[in-house]
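The values are calculated or read from the model by the stated rules, or taken from the named source; none is laboratory data. In this text the structure is predicted, and so the values were computed from the model without any measurement. Please note: Cβ atoms are built from the backbone with ideal geometry, for glycine as well, and neighbour counts cover all protein chains shown.
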Amino acid sequence: MVEGRVIKWIRSEGERVKEGEPLFEIETEKVDMEIDAETSGILEKIIVHEGSTVPVGEPVAIVEQAEPGVSEEAPISAKTPPLTPPLGTVSSVKEAGLVPISNLRKTIGERMLASLQQSAQLTIMVEADVTDLKQFRQIAQAEIAKTSKTDLTYTDLIVVAVAKALREHPIMNSALGEDKIETFEKVHMGIAAATDKGLIVPVLRNADEKALAQVAKSRQELVERAREGKLSIEDVEGGTFTVSNLGMYGVGFFTPIINPPQSSILGVGAMVEKPSVANGQISIRSMMPLSLTFDHRVADGSQAGPFLMRVKEILENPHAALAEPLEK
């Protein structure tokens, strides 16, 4: 983190503040958060106003601190150094037709551009017949509903399928270092989520060890916190693979961009009913487009292809591949 934008002052100039109580809110490169007062006293002067961005270490306000032995209700005279929480310089633009770029939008742009410039990205695509998956989801949802209000989504099923496939194809669950490829023992699944402020990718940790119901519950909680702006830094760090589902927007195949330092990302498109040939017969089947982007420096098509086909196989045979206990 190198900068942040002040989005709201909870206290006003002249108000008394207490150490440890929320003083203002900032928008960082990944999440919004409240910053607590570092000392008790009077908020004498706000240096960085709402809508402005400052670099890390720059003072944002001055608090007058009570002299030793003086109660908090007594007049305050001694001054403390300016507050210097991790914060940013760009004023909000108010002219008609101009929209200020948020730190989140700026970070997304910078990272995606750097990802394309610094890695050899290749996208391969396949369609999965998810007709049986629709039935499996209904059955599993009914079981989950007996003990929880969690909504089982297709993203949850995809996350479980991808986690299983990654255990069998660990090269796709990796990151490229300076002179080596690091493969990860655990699957920490990034799940791209749209919020009012832009795209954010909370991380579902140990996805490969969780039962379907646990994945659904954890994913739902993460997405809700993301949309409420309540994610912590830990919630968005440490992902090893990402799933980006644009099916709800009617999108088909697309070319997702890798989220560095990860080496792969799976894009999921809209499920569409269409004619399909199986065993010499034409029938209407539910088809789901899958787009896998991977770093060609880390894996070849001979490695990425079997991984994607394994994901397809699991989704097409859910009663066999996903028939583990819903709860663990």
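Of all residues in region 251-283, those that are of a type in the set (A, V, I, L, M) and in a strand (DSSP E or B) total 7.
More than 24 Å from the chain's Cα centre (by Cα) and on the phi < 0 side of the Ramachandran plot, is that true of Glu58? When the stated conditions are applied, Glu58 passes them. Contact map, region 110-123: residues that are touching a residue at least 24 places away in the same chain (Cβ under 8 Å) paired with residues that are surrounded by 13 or more Cβ atoms within 10 Å (Cβ to Cβ) and assigned to a helix (DSSP H, G or I), Cβ distance under 8 Å, separation 6+ or inter-chain. Pairs shown: Gln121/Ser115; Leu122/Ala304.
Let me confirm something: among Glu127, Glu67, Glu58, which residue is acidic (Asp, Glu) and at pLDDT below 80? Talk me through it step by step, then tell me what you get.
Details: Glu127 fails: at pLDDT below 80; Glu58 fails: at pLDDT below 80.
On inspection, the qualifying residue turns out to be Glu67.
Restricting region 143-163 to residues that are part of a loop (DSSP other than H, G, I, E, B) and among the β-branched types (Val, Ile, Thr), the residue that is farthest from the chain's Cα centre (by Cα) is Thr147. Residue count for region 196-236, restricted to those that are among the acidic types (Asp, Glu) and surrounded by 14 or more Cβ atoms within 10 Å (Cβ to Cβ): 3.
Quick check on my filter: what residues within region 30-55 are part of a loop (DSSP other than H, G, I, E, B), under 30 Å from Glu110 (Cα atoms) and among the hydroxyl-bearing types (Ser, Thr, Tyr)? Spell out how you get there, then give the answer.
Taking region 30-55 first, the residues part of a loop (DSSP other than H, G, I, E, B) are 30-31, 37-40, 47-52.
Narrowing the set further to residues that are under 30 Å from Glu110 (Cα atoms) leaves 30-31, 47-52.
Ser52, the sole residue that qualifies.
Residues in region 124-149 that are surrounded by 17 or more Cβ atoms within 10 Å (Cβ to Cβ) and either of a type in the set (A, V, I, L, M) or touching a Ser or Thr at 6+ places or on another chain (Cβ under 6 Å) (or both) were compared, and the one that is farthest from Met271 (Cα to Cα) is Ile144. Across region 26-46, the number of residues qualifying as in contact with a helix residue (DSSP H, G or I) (Cβ under 7 Å, 6 or more places away or on another chain), surrounded by fewer than 20 Cβ atoms within 10 Å (Cβ to Cβ) and among the hydroxyl-bearing types (Ser, Thr, Tyr) comes to 0. The residue pairs whose first member lies in region 291-312 and is farther than 15 Å from Ile258 by Cβ, whose second member is in a helix (DSSP H, G or I), and whose beta carbons are closer than 7 Å, counting only pairs six or more residues apart or on different chains, are Gln303/Ile171; Arg310/Ala165; Arg310/Glu168; Val311/Ala161; Val311/Val162; Val311/Ala165.
For Val162, are the conditions met, namely being modelled with pLDDT of 95 or more, in contact with a Phe, Trp or Tyr (Cβ under 8 Å, 6 or more places away or on another chain) and either under 28 Å from Lys146 (Cα atoms) or outside the structural domain of Asp129 (by TED's automatic domain parsing) (or both)? In short, yes. Residues in region 165-220 that are under 19 Å from the mean Cα position of the chain (by Cα), among the acidic types (Asp, Glu) and part of a helix (DSSP H, G or I): 1 in all.
Residues to consider are Val268, Val243; find the one that is within 22 Å of Arg137 (Cα to Cα), surrounded by 21 or more Cβ atoms within 10 Å (Cβ to Cβ) and touching a Phe, Trp or Tyr at 6+ places or on another chain (Cβ under 8 Å).
Val268
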